[in-house]
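Notes follow once the structure below has been shown.
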Amino acid sequence: RALLPDAPADFTSELARARRICGEARDAVEAMFREVRMGRSVDPGHVLPLIEDITGSVDRHPTALVSVARLKDADSYTYLHSVAVSALMVMLGREIGLSEPDLHEAALGGLLHDMGKAAMPQHVLNKPGKLTDEEFDVIRQHPVHGERLLREGGVTQAGVLHITRH
């Protein structure tokens with residue numbers, strides 16, 4: 001049985017919830033990046049409750065969460081970008097009529113899609129200015145590393161892996 005979307009909310013009332021969700025999701029994605037950088041595997045189970053929160057926020061007011069996530073500083077860019085992509089996946093999924101399980105898979109894929117950046121050398125990832133051709137070749141491999149990291153962490157959902165890789 002599919003869950004019904006939350007009742008609509010006005011933009012102002014959803015903003016407070018969206019700020020909390022963005023903060024929690026940013027912290028969770030950042031923690032997963034830290035774990036990968038320390039040689040540990042990704043555990044996406046920690047973010048599954050956030051997928052419900054992201055989906056609920058989009059259902060209540062489609063643009064509130066994306067608006068908050070767009071207010072990125074340099075330190076939070078990658079993490080909040082992932083939150084915004086997750087919310088956009090929910091919006092698109094609702095628009096094309098995805099089932100709830102497929103919608104949640106798309107949202108999780110959006111949240112985890114850049115996980116491979118955690119395996120990139122920091123000096124390349126955070127380089128100010130233009131990357132060299134060699135550095136750009138390294139960065140282009142982040143989707144491959146992301147899919148590998150998620151598989152190693154036990155992710156088996158084909159949609160999540162496909163979103164991460166492509």
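When the Kirkwood hydrodynamic radius is evaluated over all pairs of different C-alpha atoms of the chain, what value in angstrom, to one decimal, is obtained? Provide the component values of the computation, followed by the final result.
Numbers: mean 1/r = 0.0617 Å⁻¹.
Every distinct Cα pair counted, the radius reaches 16.2 Å.
Can you give the relative contact order of segment 1-112 as a percent, counting alpha carbon pairs under 8 Å and 6+ residues apart? If you can, show how the numbers build up before the last one.
Values: 131 pairs, mean separation 36.0, N = 112.
Relative contact order here is 32 percent.
Using per-residue counts of other Cβ atoms within 10 Å, averaged over each peptide, order 65-71, 110-116, 151-157 from highest down.
Values: 65-71: 20.1, 110-116: 25.0, 151-157: 14.4.
Per-residue mean Cβ counts within 10 Å order the peptides as 110-116, 65-71, 151-157.
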TODO: Would you please name the trypsin sites (Lys or Arg not before Pro) within segment 90-139 that are DSSP coil residues with at most 16 other C-beta atoms within 10 Å of their C-beta?
DONE: K130
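What is the packing order of peptides 80-86, 14-20, taking the mean over residues of other C-beta atoms within 10 Å and listing the highest first? Before the final figure, lay out each step's value.
On the way: 80-86: 24.0, 14-20: 18.0.
For the peptides 80-86, 14-20, the packing ranking is 80-86, 14-20.
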- [ ] Work out, step by step, the length gained on full extension between K130 and E52: first 0.36 nm times the residue separation, then minus their alpha carbon distance; give nm to one decimal.
- [x] 24.3 nm
Task: Angle in degrees between helix 48-60 and the longest Cα principal axis of the chain, rounded to the nearest 10 - done: 50
Open item on the list: Taking the 0 to 90 degree range and rounding to the nearest ten, how far is the long axis of helix 100-112 tilted relative to the main principal axis of the chain, both from C-alpha atoms?
Closed with: 40
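At R0 = 25 Å, how high is the FRET efficiency between M38 and R140 if r is their beta carbon distance? Nearest 0.05 is fine. Don't skip to the answer; put the middle values down first.
Details: r = 24 Å, r/R0 = 0.97.
Efficiency for this residue pair is about 0.55.
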Task: Assigned charges on the beta-carbon of Lys, Arg, Asp, Glu; segment 31-148 dipole about Cα centre (debye) - done: 340
- [ ] Distance between Cα centroids, segment 53-74 to segment 95-159: provide it in whole Å.
- [x] 20
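Any read-out appearing in this document is the output of simple, stated calculations on the displayed coordinates, not a laboratory observation. In this text the structure is predicted, and so the values were computed from the model without any measurement. Don't worry about glycine lacking a Cβ; one is built from the backbone with ideal geometry, like all the others, and counts go over all protein chains shown.
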